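Accompanying notes for the structure given below.
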Amino acid sequence: AGTILKFGTPVLGQWQHIAVSVDLSGNTNAYLNGVKSGSGLLSLSSTNSSMNLNIGYLSTSIGGGYFKGELDNIHIWDIVLDSNQIHQYMSCPPDANETGLFAYWDFEEGSGSVAADQTLNANNGTIDGASWSNDVPTTSCYSNYDYTWSNGDTTATITASPSQTTTYTVSVTDGITT
């Protein structure tokens with residue numbers, strides 16, 4: 001018997017963000033669009049596997065098949081992300097140099113059979129049974145920050161039209177540092 005994680009009900013025809021977090025004890029949390037939607041306990045092996053990692057293809061003893069949909073911005077971490085970090089990377093993909101980021105494929109190549117790992121770990125993948133698409137999820141790296149301008153505005157940008165020399169300052173925080 002295996003563990004089934006519930007992800008809620010995805011909306012067909014729209015980009016969905018799915019995340020799974022597993023700690024060393026096997027405690028597992030599932031997230032749909034940044035919201036925790038399920039949890040469970042997985043049995044983990046302490047040995048490394050030499051098997052290939054298939055993303056978008058399921059191979060089982062009773063058959064298998066390709067995922068019928070689109071995939072983008074796939075990342076694997078060797079640290080457990082908390083719900084705030086999951087929400088952050090849902091809105092704004094990683095820079096590829098974050099601590100604990102093991103592999104990150106943004107699928108921006110547009111052609112060919114290689115999915116280049118954006119980290120320095122060189123976990124490049126082989127595209128098999130898929131085609132490239134320009135349909136990509138919308139991201140907004142500004143949404144992860146809170147802004148406070150000296151004039152009281154709290155938006156990412158302001159329109160300044162002073163009648164004399166004026167200095168504006170902004171304080172930006174990501175919820176952790178300012």
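Within region 45-57, the residues that satisfy the criterion of being more than 20 Å from PRO137 (Cβ to Cβ) and either open to solvent by less than 60 Å² (accessible area, probe 1.4 Å) or within 22 Å of the chain's Cα centre (by Cα) (or both) are ASN52, LEU53, ASN54, TYR57. Pairs linking a residue in region 147-163 that is at positive phi to a residue that is modelled with pLDDT of 75 or more and of a type in the set (Ser, Thr, Tyr), with Cβ atoms under 8 Å and 6 or more positions apart or on different chains, do not occur. Given the criteria small (Gly, Ala, Ser), at pLDDT 80 or above and either under 19 Å from GLN16 (Cβ atoms) or out of contact with any Lys or Arg (no Cβ under 9 Å at 6 or more places or on another chain) (or both), does GLY56 qualify? Yes: the conditions hold for GLY56. Residue-level check: of (1) modelled with pLDDT of 90 or more; (2) closer than 19 Å to PRO137 by Cβ, GLU109 misses just (1).
Entry remark, region 79-105: residues being within 19 Å of ALA30 (Cβ to Cβ) and touching a Phe, Trp or Tyr at 6+ places or on another chain (Cβ under 6 Å) number 1 in total. In the set (1) under 25 Å from ALA30 (Cβ atoms); (2) out of contact with any Pro (no Cβ under 7 Å at 6 or more places or on another chain); (3) modelled with pLDDT of 85 or more, ILE127 fails one condition alone, (1). Taken over region 1-44, the criterion of being of a type in the set (Val, Ile, Thr), open to solvent by 70 Å² or more (accessible area, probe 1.4 Å) and not in a loop (DSSP other than H, G, I, E, B) is satisfied by ILE18, VAL20, VAL35.
For MET51, the criteria (1) among the aliphatic types (A, V, I, L, M); (2) within 21 Å of TRP132 (Cα to Cα); (3) out of contact with any Ser or Thr (no Cβ under 7 Å at 6 or more places or on another chain) hold in every case but one, which is (2).
The values are calculated or read from the model by the stated rules, or taken from the named source; none is laboratory data. This structure is a prediction, so every number in the text was calculated from the model and none was measured. Heads up, the Cβs are rebuilt from the backbone with ideal geometry, glycines too, and the neighbour counts pull from every protein chain shown. Areas reflect the complete protein model, heavy atoms only, side chains present, ligands, DNA and RNA absent. Shrake-Rupley method; radii C 1.70, N 1.55, O 1.52, S 1.80 Å.
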